[in-house]
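K.L.:
Structure below; questions to follow.
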Amino acid sequence: MAIERETIVTVCCSDIAGQVRGKGFPARELESRRRFGVGWTPTNIMINCLGRIPATPFGAEGDLMLVPIPDGDITLDYGDGSPVERMVLGDILTMAGERWDCCLRGFLKSALDQLEAETGLRVLASFEHEFWIDGGEERPGDSYAASSLRGLEPFIGDFIGALRANGLSPDTFLPEYGPRQYEITVDPALALQAADEAVKLREIGRSVARRHGHHLSFSPVVTRGIVGNGVHIHFSLIDAAGKPVAYAADGPGKLSPVGASFAAGILKHAKALCAIAAPSAISYERLKPHSWSAYYANLADRDREALLRICPYPEVEGVDVAKRFNLEFRAADATASPYLQLAMLVHAGLAGIREKLPAPYLSSGDPGTLTQEQRDERGIGDLPRTLAEALDALQADRAAMGWLGPVLANAYLIHKRGELDMTAGIDMDELCRIYARAY
Ligand code: GLU
Ligand code: MG
């Protein structure tokens, strides 16, 4: 009997390392697998980005289920007779079918449920992705240049087409400031969907790049000293009826009281959030002054170096400003899981609402030109300057540790400190090269 090539579906999750891991099975069994998924192991969450498990609180014990979610499918059919690539995102459940403490998607769902239960609010979000690709032509002065797109059209066109074929709504694709650096955005969506889409987009980008013989990297710093790849997380708040509520024409920075408290919660926990949003040793090579990322814990209107940026909107007649009004968290990068990043922002924002925190100081200009005393007066904090510092700040932030819960908090700190120990002797240039391949 002739062999008939079969399609494999991989059910997968985005984990602490920000990697997408899973297990495959024949596509013909997808419908039955939608119920119980595939077996999964607690210690898998401890596999770091280098593929190692320096330490694990779970040992070799325990069993879980990785179960496909509705609308989690990614299908990449290149229409050239090559095998169709299929993946489906999953939730990690206990054998009793409940959310596992370290299921990051489940963690985001629960953060959003808490926000909605306590405040009636939901989050709209969108992830901006920057990346480097080894295609196209590099020439001096090509920052933001139209010519940087030349030669990459087949890749770009297929990337956009693959996103659309998988239900995402591509928004922009642009050459960025750095050599061979690009950015892609999709339309905002409800937070859980936005995080699902962020995971999908990166996997789709990697697959399409490979088909075109390119290597693409979302790593925060591909070449040291050159502007990094950020993940800017845009968010806004809507009420049960879908009405935007973060905007108030007369508020500070046009933030409503609830929007201001949400922002203040994020700034209050900024250090701990960095441990989650910028979670690798090289992340802090990107978070440098004057690199359009973030260097201080500040809120500013339309400033690309603020941790929280109030984004622009056209101030012309007929534009519904409240609808377009959104904030952007700029310290994040792609070495983290989008679920975990967004969940922690939501928890911090919710804490700010709960505590009715007042509007943060609206900074203008470079906080680096102020003295430490002036920054303190204005409530402009420092961000951690290394991952080790960020992890200590997370551990010292009782509220943030509480949001993670004991199991995830412990696993996270062990995972990340183990990664730091493993990479401690490697010089930064080499580390950037390693991470560029890992991400
Ligand atoms: N590449 C910058 C970063 O690392 C962002 C540039 C921009 O504002 O788009 O975040
Ligand atoms: Mg950009």
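K.L.:
Just flag the GluC sites (Glu not before Pro) in segment 1-65 sitting in loop per DSSP whose Cβ has no more than 14 other Cβ atoms within 10 Å.
P.N.:
Glu4, Glu6, Glu61
K.L.:
Rounded, prolate or oblate, given the Cα gyration tensor of segment 261-413, with a/c below 1.5 counting as rounded?
P.N.:
prolate
K.L.:
Just need log10 I(q)/I(0) for the chain at q = 0.08 Å⁻¹, Debye formula, equal scatterers on the alpha-carbon atoms, no solvent, rounded to two decimals.
P.N.:
Evaluating at q = 0.08 Å⁻¹ gives log10 I(q)/I(0) of -0.44.
K.L.:
Quick one: grab the alpha carbon gyration tensor of segment 129-242, order the square roots of its eigenvalues as a ≥ b ≥ c, and give me rounded if a/c is under 1.5, else prolate or oblate depending on whether a/b is larger than b/c.
P.N.:
Here segment 129-242 falls in the prolate category.
K.L.:
Averaging over every viewing direction, what projected area does the convex hull of the Cα atoms of segment 200-290 cover, in nm²?
P.N.:
Details: hull surface 36.4 nm².
Taking a quarter of the hull surface, the average projection is 9.1 nm².
K.L.:
Compute the signed sum of charges (Lys and Arg +1, Asp and Glu -1) over the other residues within less than 12 Å, Cβ to Cβ, of Leu124.
P.N.:
+2
K.L.:
May I ask you to derive the FRET efficiency for Arg34 and Asp421 from their Cβ-Cβ distance with R0 = 41 Å, giving the value to the nearest 0.05?
P.N.:
On the way: r = 40 Å, r/R0 = 0.97.
Taking R0 as 41 Å, the efficiency between Arg34 and Asp421 is 0.55.
K.L.:
Also, quick follow-up: With a ≥ b ≥ c taken as the square roots of the eigenvalues of the C-alpha gyration tensor of segment 195-235, please select rounded if a/c is under 1.5 and otherwise prolate if a/b is larger than b/c or oblate if it is not?
P.N.:
Working: a/c = 3.70, a/b = 1.06, b/c = 3.50.
Note, shape of segment 195-235 comes out oblate.
K.L.:
So for the chain, averaging the separation of alpha carbon pairs under 8 Å that are six or more residues apart and normalising by length, what relative contact order in percent results?
P.N.:
Averaging sequence separation for qualifying contacts and normalising by length gives 18 percent for the chain.
K.L.:
Rounded to the nearest 500, what is the 222 nm mean residue ellipticity of the chain from helices alone, with -39500 (n - 2.57) per DSSP H run of 4+ residues and division by all residues? Kindly include the intermediate steps, with their values, before the conclusion.
P.N.:
On the way: 13 runs with 156 residues, N = 439.
After summing the helix terms and dividing by residue count, I get -11000 deg cm²/dmol.
K.L.:
Alpha carbons only, please: Rg and Dmax for segment 264-319, in angstrom.
P.N.:
13.7, 46
K.L.:
A further question follows. Students often get this wrong, so check it: of Lys254/Lys323; Lys200/Lys323; Lys243/Lys268; Lys109/Lys243; Lys271/Lys356, which have C-alpha atoms separated by over 23 Å?
P.N.:
Lys200/Lys323; Lys243/Lys268
K.L.:
When the gyration tensor of segment 96-146 is built from Cα positions, what are the square roots of 5 times its three eigenvalues, in whole Å, from largest to smallest?
P.N.:
Computed over segment 96-146, the values are 42, 17, 6 Å.
K.L.:
If you don't mind, there's one more thing I want to ask. Of the peptides 328-341, 349-362, how do they stack up when ordered by the mean number of other Cβ atoms within 10 Å, highest first?
P.N.:
328-341, 349-362
K.L.:
Please name which of Ala55, Ala332, Leu108 has its Cα lying farthest along the dipole of the chain towards the positive end, using unit charges on Cβ (Lys, Arg +1; Asp, Glu -1) and the Cα centre as origin.
P.N.:
Going by the Cα projections, it comes out as Ala55.
K.L.:
Taking the Cα centre of the chain as origin, sum charge times position over the Cβ atoms of Lys and Arg (+1) and Asp and Glu (-1), and report the length of that vector in debye to the nearest 20.
P.N.:
About 420 debye.
K.L.:
A further question on this structure: For segment 216-255 and segment 319-389, what is the separation of their C-alpha centers, rounded to whole Å?
P.N.:
One Cα centre to the other: 10 Å.
K.L.:
Within segment 190-216, whose backbone N sits under 16 Å from a point 7 Å along Cα→Cβ of Leu149?
P.N.:
none
Each reported figure results from applying straightforward, stated rules to the coordinates on display, with no laboratory input. Computed from a predicted structure; not experimentally measured. Here Cβ is always computed from backbone atoms with ideal geometry, including for glycine, and neighbour counts include all displayed protein chains.
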